[in-house]
1. Check whether at least one residue in region 35-45 is within 16 Å of the ligand (Cβ to nearest atom), surrounded by 15 or more Cβ atoms within 10 Å (Cβ to Cβ) and under 27 Å from V169 (Cβ atoms), and report yes or no.
2. Listed residues L40, L20, L50; which is outside the structural domain of L174 (by TED's automatic domain parsing), within 19 Å of R111 (Cα to Cα), assigned to a helix (DSSP H, G or I) and among the aliphatic types (A, V, I, L, M)?
3. Only one of (1) part of a loop (DSSP other than H, G, I, E, B); (2) among the small types (G, A, S); (3) surrounded by 13 or more Cβ atoms within 10 Å (Cβ to Cβ); (4) more than 16 Å from the chain's Cα centre (by Cα) is not met by A189, so which one is it?
4. Of a type in the set (A, V, I, L, M, F, W, C), within 20 Å of the chain's Cα centre (by Cα) and within 16 Å of the ligand (Cβ to nearest atom): is that true of I116 in this structure?
5. Looking at the structure I just gave you, is A30 hydrophobic (A, V, I, L, M, F, W, C), within 14 Å of the ligand (Cβ to nearest atom) and either buried (at least 16 other Cβ atoms within 10 Å of the Cβ) or not assigned by TED's automatic domain parsing to the domain that holds Q159 (or both)?
6. Counting only residues that are under 20 Å from E21 (Cα atoms) and more than 12 Å from the ligand (Cβ to nearest atom), which one in region 50-81 is surrounded by the most Cβ atoms within 10 Å (Cβ to Cβ)?
7. When D149 is evaluated against the numbered criteria (1) closer than 23 Å to D46 by Cα; (2) assigned to a loop (DSSP other than H, G, I, E, B), which criterion, by number, is the only one it fails?
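The values are calculated or read from the model by the stated rules, or taken from the named source; none is laboratory data. Everything numeric in this text was worked out from a predicted model, so none of it was measured. A quick note on method: Cβ atoms are made from the backbone with ideal geometry, for glycine too, and the neighbour counts reach across all protein chains shown.
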Amino acid sequence: MRILVVEDDPILGDGLSRSLENSSYAVDWARDGTKADQLLSQTDYDAIILDLGLPKLDGLEVLRRLRQRNARTPVIILTARDDVEDRVAGLDLGADDYLAKPFNLTELEARLRALIRRSHDGAKGMMEFGKLRYDMNGQRVYIADEPVDLSAREIGVFQILALRAGRVVSKEQLLDHLCSYGEEVFPNAVEVYVHRLRKKLESGQVTIRTIRGLGYLLEKPHER
Ligand code: CA
């Protein structure tokens, strides 16, 4: 999952980025509105945390431009405690949620997970594929109730495929959602992650198909 943090306050921006990285998100941090607008026109993020008071281009304008490009990326706006007007303006422009500063990081992450789930056809916090259970909130995969030992990257790849189960995901898309800006990952690394995932998830009766020239597809579980 790749998140854009837009925050000009260095301490808050740094704290937010670190705490999200610790929760295995790939994070890009824009310190002003122009940079945010530029990144948003290039990259398909899974969610955006957007402060409204920003240098160069204010947060509401960043949001307006994003929605004008028809991007449906979930957005949480950060507002001052008493700023009802900004909150209303943000929600009217297409923000999905808001938090007033100062906020609790645990709450922010819970709201972020909820928004990301909702943006994928209301996927539940717990998903089942064959004998496999994926707990999106705890970032764990279980086969027959036993936790599977997966690296952060492997979990990352699985999550991207699981949220898009039944649809083809290209290697480029996988890399885009997996890595932050400037992070070096070779395209072939995706093949390695998928290979390892297949091996580790074999006993869960989960199929990750390779669609030649297009990418990968995690088969949807059969309806019971
Ligand atoms: Ca600010």
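1. Scanning region 35-45 turns up at least one residue that is within 16 Å of the ligand (Cβ to nearest atom), surrounded by 15 or more Cβ atoms within 10 Å (Cβ to Cβ) and under 27 Å from V169 (Cβ atoms).
2. Numbers: L40 fails: within 19 Å of R111 (Cα to Cα); L50 fails: assigned to a helix (DSSP H, G or I).
None of the other options fit; the residue is L20.
3. Only one criterion is unmet by A189, namely (1).
4. Values: of a type in the set (A, V, I, L, M, F, W, C): yes; within 20 Å of the chain's Cα centre (by Cα): yes; within 16 Å of the ligand (Cβ to nearest atom): no.
Spelling it out, it is not the case that I116 is of a type in the set (A, V, I, L, M, F, W, C), within 20 Å of the chain's Cα centre (by Cα) and within 16 Å of the ligand (Cβ to nearest atom).
5. yes
6. Going residue by residue through region 50-81, those that are under 20 Å from E21 (Cα atoms) are 50-51, 73-78.
Next, from what is left, pick out any that are more than 12 Å from the ligand (Cβ to nearest atom): 73-76.
On the way: T73: 21, P74: 23, V75: 28, I76: 20.
Applying the filter and picking the extreme gives V75.
7. That leaves (1) as the condition not met.
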